[in-house]
1. Would you pick out the residues in the range B:192-219 that are among the charged types (D, E, K, R) and more than 8 Å from chain A (Cβ to nearest Cβ)?
2. Take the residues of the range B:104-126 that are of a type in the set (Ser, Thr, Tyr) and more than 7 Å from chain A (Cβ to nearest Cβ): which is surrounded by the most Cβ atoms within 10 Å (Cβ to Cβ)?
3. Going by the structure shown, is A:Leu112 at the interface with chain B (Cβ under 7 Å from one of its Cβ atoms), part of a helix (DSSP H, G or I), touching a helix residue (DSSP H, G or I) at 6+ places or on another chain (Cβ under 8 Å) and hydrophobic (A, V, I, L, M, F, W, C)?
4. Across the range B:6-58, what is the total count of residues that are modelled with pLDDT under 85 and surrounded by 15 or more Cβ atoms within 10 Å (Cβ to Cβ)?
5. Give just the number: which of (1) part of a helix (DSSP H, G or I); (2) in contact (Cβ under 8 Å) with a residue 40 or more places away in the chain does B:Arg153 not satisfy?
6. Could you identify the single residue in B:Phe229, B:Phe175, B:Phe171 that is aromatic (Phe, Trp, Tyr) and more than 19 Å from A:Asp155 (Cβ to Cβ)?
7. Check whether at least one residue in the range A:154-168 is in a helix (DSSP H, G or I) and either touching a Ser or Thr at 6+ places or on another chain (Cβ under 8 Å) or of a type in the set (Ser, Thr, Tyr) (or both), and report yes or no.
8. For residues that are in contact (Cβ under 8 Å) with a residue 24 or more places away in the chain and in contact with a Lys or Arg (Cβ under 9 Å, 6 or more places away or on another chain), scanning just the range B:103-122, find the one that is farthest from A:Ala159 (Cα to Cα).
Amino acid sequence: MWEVYRAPPRPDGEPSLMIDVDGYEGPLDLLLTLARNQKVDITRISILALAEQYLAFIERIRDLRLEVAADYLVMAAWLAYLKSKLLLPEEEGEEPTGEELAAELAFRLRRLEAMRDAAARLANRNRLGRDVFPRGAPEPVVVVRHAEYSATLYDLLAAYAQRRQEKAIGIVTVKKRQVWSLHDARDMLTRLIGRMADWTPMEVFLSPHFSTPEMRATVRASSFGASLELVREGRIELRQTEPFAPLYMRDRIHAVPLPAPEAPTDA
Amino acid sequence: MPSSNAAVVIAVDNDANSRAETPDDHRQTQRMLEALLFAAAEPLSAADLAGRLPEGTDIIGHLKELQEAYAGHGVNLVQVAGKWLFRTAGDLSFLLSRQAVEQKRLSRAALETLAIIAYHQPVTRAEIEEIRGVVTSKGTLDMLLETNWIRMRGRRKTPGRPVTYGTTEAFLAHFGLDSVGDLPGVEELKGAGLLDSRVPPGFSVPEPRASEELAPDEDPLDPNDPELFPQPE
Amino acid sequence: MPSSNAAVVIAVDNDANSRAETPDDHRQTQRMLEALLFAAAEPLSAADLAGRLPEGTDIIGHLKELQEAYAGHGVNLVQVAGKWLFRTAGDLSFLLSRQAVEQKRLSRAALETLAIIAYHQPVTRAEIEEIRGVVTSKGTLDMLLETNWIRMRGRRKTPGRPVTYGTTEAFLAHFGLDSVGDLPGVEELKGAGLLDSRVPPGFSVPEPRASEELAPDEDPLDPNDPELFPQPE
């Protein structure tokens with residue numbers, strides 16, 4: 001690449017220069033090429049001689065009726081101005097002086113040359129993918145995802161308590177199915193009516209159904225409810241001497257007026 | 001000494017393949033092989049390499065030497081299907097896998113199962129299912145085993161010899177417990193509002209002991225049990 | 001597992017820096033660095049590497065040692081853009097040039113523009129043109145932006161707020177530079193006042209800055225600037 005960069009044929013003699021304006025990257029580049037042709041250190045170049053060379057070069061091209069870009073003509077005008085300032089005696093206090101302008105041009109040429117050299121050094125470095133190579137077959141990093149679980153003690157206990165509780169309450173529901181319904185109680189009482197010619201404590205009929213302590217309450221409650229229904233229908237009679245005292249019942253249809261020994265008096 | 005030099009040249013010409021390789025040549029060949037193999041996008045055969053190196057180079061000999069030179073290194077020169085390539089040393093392959101940790105919450109089923117194991121340990125899968133009232137998937141137990149919060153403790157001395165599960169030190173550490181005996185009882189659960197008064201009077205939770213020792217009805221696990229510890233094929 | 005791991009990590013933390021590295025540790029660290037850098041598709045920073053090695057490892061010390069160990073090899077460890085990369089030795093380019101994917105050749109104008117941006121950054125288009133003495137074609141900057149060797153850095157705080165250009169990490173990697181301070185001859189150029197964008201020289205000598213930080217006279221780019229970042233219609 002640097003070969004190409006350095007390569008644009010740089011003619012040694014003026015004749016070939018005349019036909020090669022297109023080969024230059026602008027007037028500064030042309031000036032730099034002319035300066036290099038002087039084969040002297042650019043820091044010590046004679047700006048006056050360089051200006052004269054440039055002007056002569058442009059003149060030649062125009063003599064040949066070749067088209068010259070405006071850039072080059074502007075530079076030619078500036079160089080003609082510089083030349084006159086360098087040749088004519090300085091007027092007092094005039095700014096900038098010819099020397100200053102010449103120094104500025106020399107600086108710009110040196111700076112451009114420095115950048116050219118830098119570009120060449122850059123281009124000639126060992127470049128990745130051209131001169132030096134990275135690993136041809138890099139080994140990819142495999143991302144292994146693994147889960148890290150988190151839970152709080154509260155989550156744990158809440159899950160446990162809730163599950164156990166649901167299960168426990170589920171069992172109670174099953175027991176409720178053993179509850180005596182009013183219908184069950186009425187069936188039982190209806191079957192027994194014939195044996196209740198005399199006042200009989202209701203407990204006597206119910207006790208066979210008191211299989212568990214829990215059953216006692218439900219059997220008693222349903223039987224009482226059913227018995228009230230039978231009273232209303234006129235099939236049995238009920239009596240109780242005082243609150244919480246035993247409840248007596250008898251078949252109203254077959255009732256015999258024989259008072260039981262401890263039977264309470266009619267209320 | 002023109003004459004003796006000429007003699008040497010003749011000798012070299014006659015016997016190019018066995019030509020004495022100077023140490024510099026040797027070193028340079030090693031370097032070239034290194035560079036070619038490093039930069040190659042695909043494994044290279046000895047023939048591929050021979051085409052890039054001076055004629056008469058003992059490619060295989062050089063490759064073996066390079067292989068030896070890299071033997072203890074982080075990258076090794078290996079031969080796969082007759083071709084050569086540099087590859088990360090087998091024991092360092094872990095460096096090429098990045099562990100991406102994904103924070104996940106335990107599923108409801110997993111939480112319940114874990115809690116039941118914690119309270120009821122040692123407990124079998126059938127017992128867990130009985131307590132939960134639903135079938136517990138194998139995946140749930142596997143996942144919990146993977147968290148290292150539960151472990152297989154032993155086998156219950158009952159027909160079928162089911163595996164018993166218990167919690168681990170990691171479980172205690174994660175949940176900030178000194179021992180499973182610190183898990184709250186019924187009254188504490190009620191006090192925390194986790195159990196309500198609807199629970200029947202007989203309701204209780206076990207008071208687990210986390211002893212490393214097996215329970216009287218537990219047998220130790222057989223470390224060679226293929227059912228529990230699948231052997232690599 | 002978490003608990004026991006946690007314990008180990010704590011032990012390492014407490015004593016990582018003062019812990020004497022055993023020869024085995026040392027060797028293992030070298031191997032791990034080798035493996036990581038060989039495997040990587042991109043240059044790795046010391047921080048990237050530190051994240052993969054035991055805490056408290058002297059990464060830079062180890063990298064320098066590894067660099068030295070590979071110095072004479074066909075593959076070298078180099079530092080580019082502040083990161084580390086194994087690549088083939090420069091003197092073996094003759095061997096490998098066949099592997100080079102035919103690259104678009106940089107035009108003389110593009111190469112010069114790139115050099116000016118590298119040495120003078122942050123630099124505006126007008127400043128580039130002043131140095132070169134010609135108008136920069138739009139295509140040149142576009143091409144350099146497209147190869148990802150230069151980037152728009154910001155805007156100069158001057159009338160017209162021109163965009164400033166600078167080089168990228170890809171530029172440093174491609175040209176094998178650790179930082180723009182390592183550009184060839186940059187010190188001499190600075191000393192000679194040739195990196196001064198103003199004429200005449202000698203008042204201030206701006207240093208090239210590729211850092212993410214903006215210069216005092218630079219404003220950040222507006223990411224919504226339609227002039228710089230054409231919006232899809």
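The values are calculated or read from the model by the stated rules, or taken from the named source; none is laboratory data. Because the structure is predicted, anything quoted here is derived from the model rather than measured. Glycine gets a Cβ as well: all are built from the backbone with ideal geometry, and neighbour counts include every protein chain shown.
1. Residues of the range B:192-219 that are among the charged types (D, E, K, R), as a first pass: B:196, B:198, B:207, B:209, B:212-213, B:217-219.
Passing the criteria: B:Glu207, B:Arg209, B:Glu212, B:Glu213, B:Asp217, B:Glu218, B:Asp219.
2. Among residues in the range B:104-126 that are of a type in the set (Ser, Thr, Tyr) and more than 7 Å from chain A (Cβ to nearest Cβ), the one surrounded by the most Cβ atoms within 10 Å (Cβ to Cβ) is B:Thr113.
3. Numbers: at the interface with chain B (Cβ under 7 Å from one of its Cβ atoms): no; part of a helix (DSSP H, G or I): yes; touching a helix residue (DSSP H, G or I) at 6+ places or on another chain (Cβ under 8 Å): yes; hydrophobic (A, V, I, L, M, F, W, C): yes.
So A:Leu112 fails the test.
4. The first filter runs over the range B:6-58 and keeps only residues modelled with pLDDT under 85, leaving B:6-21.
In the following step, the residues that additionally are surrounded by 15 or more Cβ atoms within 10 Å (Cβ to Cβ) were identified as B:21.
Residues flagged as modelled with pLDDT under 85 and surrounded by 15 or more Cβ atoms within 10 Å (Cβ to Cβ) within the range B:6-58 amount to 1.
5. For B:Arg153, the exception is condition (1).
6. Values: B:Phe175 fails: more than 19 Å from A:Asp155 (Cβ to Cβ); B:Phe171 fails: more than 19 Å from A:Asp155 (Cβ to Cβ).
Within the list B:Phe229, B:Phe175, B:Phe171, the selection yields B:Phe229.
7. Keep residues of the range A:154-168 that are in a helix (DSSP H, G or I), which gives A:154-168.
After this cut, where a residue has to be either touching a Ser or Thr at 6+ places or on another chain (Cβ under 8 Å) or of a type in the set (Ser, Thr, Tyr) (or both) as well, the list is A:154, A:160.
Within the range A:154-168, one or more residues are in a helix (DSSP H, G or I) and either touching a Ser or Thr at 6+ places or on another chain (Cβ under 8 Å) or of a type in the set (Ser, Thr, Tyr) (or both).
8. B:Pro122
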